[in-house]
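So the structure is just underneath, and the comments pick up after that.
The values are calculated or read from the model by the stated rules, or taken from the named source; none is laboratory data. Just so it is clear, the model here is predicted, and its values are computed rather than measured. Because the Cβ atoms are built from the backbone with ideal geometry, glycine has one as well, and the counts that use them run over all protein chains shown.
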Amino acid sequence: MFRGNALAKVDDKGRLKIPQVFRRQVEERYGRKLYVTSLTGENIWIYPFDVWTAKEEVLARHSGIHSAVNKFLTRTSYFGQVAEIDVQGRVVVNPLLRESARIAGEVAVLGYLTYLEVWNNELFREKVLVEPLTLEDRRALQELGI
């Protein structure tokens, strides 16, 4: 399980240096192969390839049946690419996604249980301030036992 937040850098060639705490987890449990994508283009999702392929198996059972599945696949394919962590712990983010998510310089890498989410650090900080956890959110979490 990926959890927490670590700051990282994206270099001029579009290579994201995976923070050591996450890199170690990915490589030890899943290897170096990844699927790098997004749903909205405002952030980046980094899935260990095995986790992504398990998700694809579920999606394949429902594609053509549910329009939401097809929309999900369209977006994650548009932004997506298979990638690999290099020997220095970097992964290349394709230019289309880098530009869309405004990923350059310092970024926030967050652990979201089964994948990593990468945000422009400044934009993410603003998002957290603008979208506070509401009383309704807290009640919904309590109903889930969280």
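The condition of being part of a helix (DSSP H, G or I) and either under 16 Å from residue 101 (Cβ atoms) or modelled with pLDDT under 95 (or both) holds for residue 71. Residues that are surrounded by 13 or more Cβ atoms within 10 Å (Cβ to Cβ) and either under 21 Å from residue 26 (Cα atoms) or without any contact (Cβ under 8 Å) to a residue 12 or more places away in the chain (or both) within the range 64-77 comprise 69, 70, 76, listed in sequence order.
Between a residue in the range 52-63 that is more than 18 Å from residue 116 (Cβ to Cβ) and without any contact (Cβ under 8 Å) to a residue 12 or more places away in the chain and any residue that is among the aliphatic types (A, V, I, L, M) and assigned to a helix (DSSP H, G or I), which pairs come within a Cβ distance under 6 Å, given they are 6 or more apart or on different chains? Between residues of the range 52-63 that are more than 18 Å from residue 116 (Cβ to Cβ) and without any contact (Cβ under 8 Å) to a residue 12 or more places away in the chain and residues that are among the aliphatic types (A, V, I, L, M) and assigned to a helix (DSSP H, G or I), the close pairs are 62/69; 63/69. Residues in the range 86-96 that are in a loop (DSSP other than H, G, I, E, B), of a type in the set (Val, Ile, Thr) and within 19 Å of residue 5 (Cβ to Cβ): 93 alone.
Across the range 97-146, the number of residues qualifying as in a helix (DSSP H, G or I), within 25 Å of residue 55 (Cα to Cα) and at pLDDT 95 or above comes to 4. Selection of the range 113-122 for residues being among the aliphatic types (A, V, I, L, M) and surrounded by 16 or more Cβ atoms within 10 Å (Cβ to Cβ) yields 116, 118. Cβ-Cβ distances below 9 Å connect the following pairs, each with a first residue in the range 128-144 that is within 24 Å of residue 43 (Cβ to Cβ), a second residue that is assigned to a helix (DSSP H, G or I), and a separation of six or more residues or different chains: 133/141.
The rows are residues; the columns are (1) of a type in the set (Val, Ile, Thr); (2) closer than 21 Å to residue 8 by Cα; (3) in contact with a Gly (Cβ under 7 Å, 6 or more places away or on another chain).
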| site | (1), (2), (3) |
| --- | --- |
| 53 | yes, no, no |
| 58 | yes, no, no |
| 63 | no, no, no |
| 69 | yes, no, no |
| 88 | no, yes, no |
| 91 | yes, yes, no |
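Consider the range 78-112 and keep the residues that are within 14 Å of the chain's Cα centre (by Cα) and among the β-branched types (Val, Ile, Thr). The one that is surrounded by the fewest Cβ atoms within 10 Å (Cβ to Cβ) is 82. Among the residues of the range 73-105, the one identified as farther than 16 Å from residue 36 by Cβ and among the hydrophobic types (A, V, I, L, M, F, W, C) is 87.
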